[in-house]
Amino acid sequence: MADRYWVGGTGTWNSSLTTNWAATSGGTAGASAPTLTDNVFFDANSNVGTGAFTVTITGNSGVCNDCTISGLDGVLTLTVGGVWKVYGSVSFPATNLTFAGASGGPIQFSATTTGKTITTNGVTLTEVGMYFDGVGGGWTLQDDITTTGTSAQLRLLTGSINLNNKTITVNNVTFGTAAAIAAETSSTINITGFNTGVLSSTGSLASTTVSGTLDLNFTYSGSVGTRSCIFGSGGFSATAAPNINMNITAGSDTFQTNVIIGNLNFTGFSGSLSFNSFTLYGSLTISAGMTITSTSQTITFGATSGTKTITTNGKTLNCVITFDGVGGTFQLVDNLTVGTSRTVTLTNGTLDLNSKILSCGAFDSNNSNTRTLAFGVGTISITGASTTLWNTTTVTGLTVTGTAIVNVTNNSPAGTTRTISGGSGISETNAFSFNITAGSDNITTTANHSYKDLNFTGFSGIFTNTNRTIYGNLTLSSTMTCASAANITTFAATSGTKTITTNGVTTDFPITFDGVGGTWQLVGNLTMVTAAARTLTLTNGTFNASGYNVTVGTFSSNNSNIRALQMGGGIWTVIGSGASTWLLTTTTNMTLTHSNSIIDLTSTTAKTFAGGGLSYGTLKNTGSGTLTVTGANTFANLRGTANITLTSSTTTTVTDALSMDGRYGSLVFLTSSAAANATISKASGKVYTTFCNISKITATGGATFRAPATPLTSYGNVDGGTNSGWTFTAMGATDNPNPGAFSSFFS
C-alpha cells in the first residue's frame, strides 16, 4: 500500500501513465500509477500555481483505495470518462471541485471490507453515476449526494450501503441481487429521470435486504415518455419490501411499475399509471388528477402488521385486488371502486371498510385462513355479471363486524345466472345481508349456505331455490319469481323480530322456522305452494302471521322445543293430505294464539289434523277428502262440507258453531275413528246440521244438537247409529232460525 499525490495540473488518470503522480505532496512526478491498494490525494500542490486544471479518468483503469480531495487552491474539474473504481473511502471539498459531463462515467465503489465512508460536501456529480459493487464491502454516507444528467445512475448491487438518513438525487436506480441497504431511520433517493428503466433490478432481489425506511421519490415533472419501474422475477422479499416507499410527486407522463414495495403514493402525479402484478406492503394513495389503465393484473396488499390505508380520491382501480397479509389491516380512507369485471379477494388479514363503500365485480374470501371483514356502517357493492358474485363458501377463520350489507347492482339480462355463496355454516353473527337491486336473470344461493337479510327490491328475475338459512329478513319484489323446488329455506334468527315480505310472490318451497328466541312476522300474505309438498315447520321460536293469509302444503310443529304460533286473524289454507297435513301431536312448550283465524283443509284426498289438544279458531274441511281430527282440541268453529272423523273416546270442544253441510244426494259423514264414540262438547246454544250422516258421536255439554232427517230435500240428515245427545226428528218452525235458507245458517 502506498500514497499517490496528483501533481502537474491537467492530465489523464489511467493504470499506466505516471506523468502526474508523485509519492509526496508536490513531489517529483513519475511515481507509479495508483493501484487498488494505494491512497490518492489531490491538494494545493496538485495544480500549477493556483490555476484551474482538469483530470480525466479514461477507460476502466482509474483505480485507488481511498481518494481524498482537499485544500485545493484552484478549481479541479474531474471528468470520469470511464469507470473509476474506488476500493476505499472518498472525501470531496465543498469548493474548487466540479465534475464534467462525460457519458457513462460512474464511480464504482468496490471495497471488499467494511468501514468505508463517502463525503461529498455538497458537490454535484454531473453525469457521474455511483455503483456500489463489492462483495463484503461496507460504505456509509456522510452527507447528501446530488447527481445530474442522464448518466447519473445509482446501482446498489453488492455489499452493505448505509445511507445514514441522507438523501441521494440521481437519474435512475438499479438494485442488485445481494446488497444490504441500511436506511437508518429514514433515507431518501430522489429519482429525476423520465426514461425507461428509471427503477430496475439485475434479477431477483430475494437476497437484498433493506433496513430502516427508504423513500424513493420520483420527481420528474414533465409529460414525455414512460417512466418504467420494472423489477426482475420476484422483486424484493417480504422482509425488505415493506421498508421501501415509492412517491411519485410530479409528472403528467406514463408511469409503469411492477415493483413489490411498501407505500405507493401518487400525490402530485397527473399522468397515467399502468402496471403488471405487484405487491404492496404499505399504503396506496391515488392522485385525483391521474388516470389508471384498465388491466387484468393484480395488486396484492401484503402487510403483516399495522394498519395500511387505501386512498383512491374517486379513481377506479380497474384491476384485480387481493388482500393477503397475515396479521395486517387494510383500511379504506374513501370509497374504493374496482372494475365490474374484477374480483376483490380477502385471503389473510383484516379488510376494514371504515364505513366506506367497496365496489367490485365480485368478492371472494373462500379459504380457512384467519381474516376479518370489518364493515362499520359501510357496504360492499357487487357490480359484475360473473357466474359467482360472492364466494365465502368456506368461512373457517372468518370474522365479520359491523353491518355486513352487500348490494348486488348489475342489471343482468334474462337467461344468465349469478350465484351468491354466503357461507357454509356461517354463524348468525358473521352472516351477510344481500340486497339484489336489479336484474332479470337467475339469482341462486349455493346449497346449504347461510345469509342474514335477503332483499330483492328492484329485482325482476328468478330466485332459484336451494337449501339455505336466513338469519334476518326476507323481502321479495313484486316483479320477481321464486322457482319451485323441494329445498328448504330455514329462518334461524335467535333474537329480535324478523320480517317476511312477499309482495304477492309465491314462495314455492318448504319453510322452517328454527331459531331459539327468534321471532318472524309476516308482511303480506304467505303463499308457499303450487304443490301439496311444501311444508311450513315451526321448530323453535315464534311465527307471527300478523293477520295475513297463509297457504301451505302442510304444517308441522311436532316437537317439545319452546315455540309459539301466532296465527293472526287470517285464513290458513292447507292443501296437502295424509297423516301429516297438520302435525301438532306433541305440544309440550307450544304456545298457540289463534286470534279467530280460519284453518281450511282443501285436499280432495284424506288428510289428518293432529291438533295436540290445543285451542283453535275455525277448522274447515272444504276439500272432498275425509278429514281425521286427532287430539282433544277446542275449536271456536268446526265446519265441514266434506267428511270429518273425530278421535274415538276423545272429546272435541266447540265454543261457537258446529256446522256439517252436505247437499241433497251427497251426504257428508261425521263419525268416530273407532267403535267407541267420539264426543263433541258445546256448552250452550244450538247445533244444526244438513245432509249429514252422523254415527258414533256423543253430543254433550248443554247445547241442543239437531240433525233433522226430514223433510229429505231440506235437511236430509241420517242417523248412522250409536249416537247420543242428537235429535234427528223433524224441526218445528221455532227450531229453524232461518226457514227456507237453512244451510246458510251454518256458513
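So the values come out like this:
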quantity: Count of region 435-455 residues which are of a type in the set (Asp, Glu) and closer than 14 Å to ALA492 by Cβ; calculated: 1
quantity: Options SER228, SER252: the member that is in contact with a Ser or Thr (Cβ under 9 Å, 6 or more places away or on another chain) and over 16 Å from VAL173 (Cα atoms); calculated: SER252
quantity: Members of region 193-203 found to be under 14 Å from PHE132 (Cα atoms) and surrounded by fewer than 20 Cβ atoms within 10 Å (Cβ to Cβ), listed by number; calculated: THR202
quantity: Matching residues in region 670-706 - criterion: being surrounded by fewer than 16 Cβ atoms within 10 Å (Cβ to Cβ) and on the phi > 0 side of the Ramachandran plot; calculated: GLY685, GLY702
quantity: Tabulated pairs, region 293-318, first at positive phi, second crowded, with 17+ Cβ neighbours inside 10 Å and not aromatic (Phe, Trp, Tyr), C-beta under 6 angstrom, 6+ apart or interchain; calculated: ASN313/ILE286
quantity: Yes/no for GLY101 being within 21 Å of TRP13 (Cα to Cα) and either at pLDDT below 95 or charged (D, E, K, R) (or both); calculated: yes
quantity: Subset tally (residues that are among the polar types (S, T, N, Q), more than 18 Å from SER484 (Cα to Cα) and in a strand (DSSP E or B)) for region 505-553; calculated: 6
quantity: Qualifying position, being among the aliphatic types (A, V, I, L, M) and within 21 Å of ALA493 (Cα to Cα), among LEU389, LEU398; calculated: LEU398
quantity: Unmet requirement for THR77, which otherwise passes all of (1) surrounded by fewer than 22 Cβ atoms within 10 Å (Cβ to Cβ); (2) in contact (Cβ under 8 Å) with a residue 40 or more places away in the chain; (3) of a type in the set (Val, Ile, Thr); calculated: (2)
quantity: One residue from THR690, THR653 being in the same structural domain as PRO711 (by TED's automatic domain parsing) and over 21 Å from PRO711 (Cα atoms); calculated: THR653
quantity: Filter result for the condition that a residue is under 18 Å from THR298 (Cα atoms), among the hydroxyl-bearing types (Ser, Thr, Tyr) and within 12 Å of the chain's Cα centre (by Cα), over SER341, SER359; calculated: SER359
quantity: Qualifying position, being crowded, with 19+ Cβ neighbours inside 10 Å and not in a loop (DSSP other than H, G, I, E, B), among THR300, THR309, THR322; calculated: THR322
quantity: So LYS686, is it closer than 21 Å to ALA636 by Cα, modelled with pLDDT under 95 and among the basic types (Lys, Arg); calculated: yes
quantity: Filter result for GLY425 (more than 24 Å from VAL377 (Cβ to Cβ), in contact with a Phe, Trp or Tyr (Cβ under 9 Å, 6 or more places away or on another chain) and not hydroxyl-bearing (Ser, Thr, Tyr)); calculated: no
quantity: So LEU216, is it within 21 Å of GLY325 (Cα to Cα) and either crowded, with 20+ Cβ neighbours inside 10 Å or basic (Lys, Arg) (or both); calculated: no
quantity: Odd one out for ASN190 among (1) part of a strand (DSSP E or B); (2) surrounded by fewer than 18 Cβ atoms within 10 Å (Cβ to Cβ); calculated: (2)
quantity: Flag for PRO106 being in contact with a Gly (Cβ under 9 Å, 6 or more places away or on another chain), at pLDDT below 95 and not hydroxyl-bearing (Ser, Thr, Tyr); calculated: yes
quantity: Scan of region 637-669 for residues that are among the small types (Gly, Ala, Ser), surrounded by fewer than 18 Cβ atoms within 10 Å (Cβ to Cβ) and either touching a strand residue (DSSP E or B) at 6+ places or on another chain (Cβ under 8 Å) or within 21 Å of LEU584 (Cα to Cα) (or both), ordered by number; calculated: SER648, SER649
quantity: Yes/no for GLY9 being buried (at least 16 other Cβ atoms within 10 Å of the Cβ), farther than 23 Å from THR117 by Cα and not aromatic (Phe, Trp, Tyr); calculated: yes
quantity: Scan of region 100-149 for residues that are among the hydroxyl-bearing types (Ser, Thr, Tyr) and part of a strand (DSSP E or B), ordered by number; calculated: THR117, THR119, THR124, THR126, TYR131, THR140, THR146, THR147, THR148
quantity: Residues that are surrounded by fewer than 16 Cβ atoms within 10 Å (Cβ to Cβ) and either closer than 17 Å to SER359 by Cβ or small (Gly, Ala, Ser) (or both), drawn from region 404-433; calculated: ASN411, ALA414, GLY415, GLY425, SER427
quantity: Among (1) farther than 20 Å from THR489 by Cα; (2) touching a strand residue (DSSP E or B) at 6+ places or on another chain (Cβ under 7 Å); (3) hydrophobic (A, V, I, L, M, F, W, C) - the single one PHE432 does not satisfy; calculated: (1)
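Conditions (1) over 18 Å from ILE107 (Cα atoms); (2) touching a strand residue (DSSP E or B) at 6+ places or on another chain (Cβ under 6 Å); (3) small (Gly, Ala, Ser), marked per residue:
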| residue | (1), (2), (3) |
| --- | --- |
| THR10 | yes, yes, no |
| ALA31 | yes, yes, yes |
| PRO34 | no, yes, no |
| ASN45 | yes, no, no |
| THR56 | no, yes, no |
| ASN60 | no, no, no |
| SER70 | yes, no, yes |
| ASP73 | yes, no, no |
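The values are calculated or read from the model by the stated rules, or taken from the named source; none is laboratory data. On a predicted model such as this, the values are computed, not experimentally measured, just so you know. Cβ sites come from the backbone with ideal geometry, for glycine too, and all protein chains shown count toward neighbours.
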